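Report on the structure given below.
The values are calculated or read from the model by the stated rules, or taken from the named source; none is laboratory data. Worth saying up front: this structure is predicted, and the values here are computed from it rather than measured. Backbone-built Cβ (ideal geometry, glycine too); neighbour counts: all protein chains shown.
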Amino acid sequence: MALTRISRLIVVFASSLAILGLMMASVDPEIQYTVDEIMDDPDQFQDSQIFVRGVVSEGSIDNAKTIFTLEGINGAILVDFSEAPIPDGFDEGRTIAVRGNLEKMSESWVIKSFEIQTGCPSKYES
C-alpha cells in the first residue's frame, strides 16, 4: 500500500518531533555560576558538583600543591587541580571555567576540579 505524499510528510514530521523530544529530554542544562554567586552562600553548593567561571589570580598558581585561586569581583575560591588536565591557554590573569565538587576544608572553600576550560586566546587578540 503506497502512502500518499501528505502521509509521508506527516510521518517524517512526527519522527522529527520524536527525535527532537528525545534529544531535549536527555540533555541536562548546566548552570555556570560566577565565583561571587558561589561565595554569597557556599553552604548551598557544599559537596555538590558545580561549574564556575572566574579569573586565575596573579601569583596564585602553586604547581607543587596543585592549587590556584579563582577570583571574582568580591570573592575567591581555592581550586585543587590535581585531578584535572591543564588545558592550553591556562595562565594567571585568564578567565577560565572549572567543573568540580565544592568542599569545605578547615576554614576555606575548595573546588576539587576534574575539568578546566579556557577560551581560545586567538578570538580575543586583535
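Among 76, 97, which is the only one that is under 14 Å from the mean Cα position of the chain (by Cα) and either of a type in the set (A, V, I, L, M) or over 13 Å from residue 50 (Cβ atoms) (or both)?
97
Report, by residue number, each residue of the stretch 70-94 that is touching a helix residue (DSSP H, G or I) at 6+ places or on another chain (Cβ under 7 Å) and among the hydrophobic types (A, V, I, L, M, F, W, C).
Within the stretch 70-94, 70, 73, 76, 77 meet the criteria.
Would you mind finding the one in 45, 13 that is touching a helix residue (DSSP H, G or I) at 6+ places or on another chain (Cβ under 9 Å) and either farther than 23 Å from residue 94 by Cβ or of a type in the set (Phe, Trp, Tyr) (or both)?
None of the others qualify; the one that does is 45.
Do we have residue 32 as closer than 24 Å to residue 118 by Cβ and of a type outside the set (Asp, Glu) here?
Yes.
Given the criteria under 17 Å from the mean Cα position of the chain (by Cα), part of a loop (DSSP other than H, G, I, E, B), modelled with pLDDT under 90 and of a type outside the set (A, V, I, L, M, F, W, C), does residue 30 qualify?
Criteria met by residue 30.
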